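Asker: Would you mind keeping the following structure in view while I ask a few things?
Every number here is computed from the coordinates shown, using simple stated rules; none is lab data. Just so we're clear, the structure is a prediction, and the values are computed from it rather than from any experiment. Here the Cβ positions follow ideal geometry from the backbone for every residue, glycine too, while neighbour counts run over all protein chains shown.
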Amino acid sequence: MRERIPVVVQRNARGRRVAARGLWVGAELVVTLGVVLLLLVVHQLWWTNRQARAGAEHQVEALEREWGQERGGAGAAEDGDSGGGADEPGGIGGAGGASGSGGRSAAGGAARSAPRWDRAYAVIRIPRLGLVAPVAQGVSKSGVLDKGYVGHYPGTAQPGRAGNFALAGHRNTHGEPFRYINRLRRGDRVDIETRDAVYTYTVDRTLARTSPRDGGVIAAVPRSNVKPYPGYTEAGSYVTLTTCTPEFTSRYRLVVWGRLVDVRSR
């Protein structure tokens with residue numbers, strides 16, 4: 001009877017090392033990718049907000065300081081010369097005869113030159129939301145919205161004027177000034193401050209969702225082009241706030257409308 005000799009099969013040690021190294025490299029790549037994605041999220045959700053809010057607050061302070069200095073200079077000029085009131089470059093339109101619900105005429109009779117592109121020229125305040133932000137001409141991302149500013153749609157009315165003063169703002173990231181406009185209710189106040197006057201609008205209607213191509217919501221008489229056609233049918237002085245919805249998407253637009261109810265000279 002022959003004795004069986006056991007056969008020992010030795011695994012390839014080099015193959016094991018290559019496999020282990022491959023797994024380690026793969027794990028490192030996954031971890032690195034996760035860290036990069038986390039940093040991107042932190043940058044978008046925290047850093048852009050922090051940076052934009054700081055810049056917007058600084059711009060509001062600069063505007064208020066500039067207006068105070070101009071009013072002081074105008075007062076001194078009036079004491080010495082009753083014929084003052086020349087328009088200044090980069091200024092904004094006067095009230096143009098608009099009036100509030102109490103019948104008071106707006107400040108200033110002469111219209112100023114149009115606001116310069118991407119330049120902040122007004123301040124929006126919404127007490128219910130604790131919102132204070134600069135308003136700039138245009139709705140470009142890089143030039144206006146990503147700075148934490150609220151953008152004025154070109155071609156729509158200026159504050160206090162007959163027509164529709166239409167505005168856009170980010171709902172998420174870059175200061176997100178319009179994040180909570182869905183919380184606004186009928187009768188809530190929206191104040192627009194310029195160097196000449198404070199225009200007070202009150203929230204009147206809300207359109208929870210519409211198409212990004214629904215240009216009717218920023219028309220002079222704002223009225224949605226999407227069924228069932230919510231909005232207005234008569235001329236007036238309106239404010240329109242628009243932002244993306246749902247949050248963290250740009251699929252639809254959320255719209256808030258208000259009517260001009262008061263104008264106070266500065």
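Asker: Calculate I(q)/I(0) for region 122-266 by the Debye formula, one identical point scatterer on each C-alpha and no solvent, and give its log10 at q = 0.12, 0.15, 0.18 Å⁻¹ to two decimals.
Answerer: Each listed q maps to, in turn, -0.41, -0.67, -1.00.
Asker: Please find the FRET efficiency linking Val25 to Ser140, where r is the Cβ-Cβ separation and R0 is fixed at 35 Å, and quote it to the nearest 0.05.
Answerer: E(calc), rounded to 0.05, equals 0.20.
Asker: If each residue's Cβ is checked for other Cβ atoms within 10 Å, how do Arg128, Arg65 rank with the fewest at the top?
Answerer: Taking fewest neighbouring Cβ atoms as first place, the list is Arg65, Arg128.
Asker: Let me ask another. Of the listed peptides 209-215, 136-142, what is their order by residue-averaged count of other C-beta atoms within 10 Å, with the highest listed first?
Answerer: 136-142, 209-215
Asker: Turning to a different aspect of this structure: Going by how many other beta carbons lie within 10 Å of each one, how would you line up Glu176, Glu66, Glu234, fewest first?
Answerer: Placing the least packed residue first, the sequence is Glu234, Glu66, Glu176.
Asker: On a full-extension model of 0.36 nm per residue, what is the gain between Phe248 and Ala208, subtracting their alpha-carbon distance, rounded to one decimal in nm?
Answerer: Contour length minus Cα-Cα distance gives 12.8 nm.
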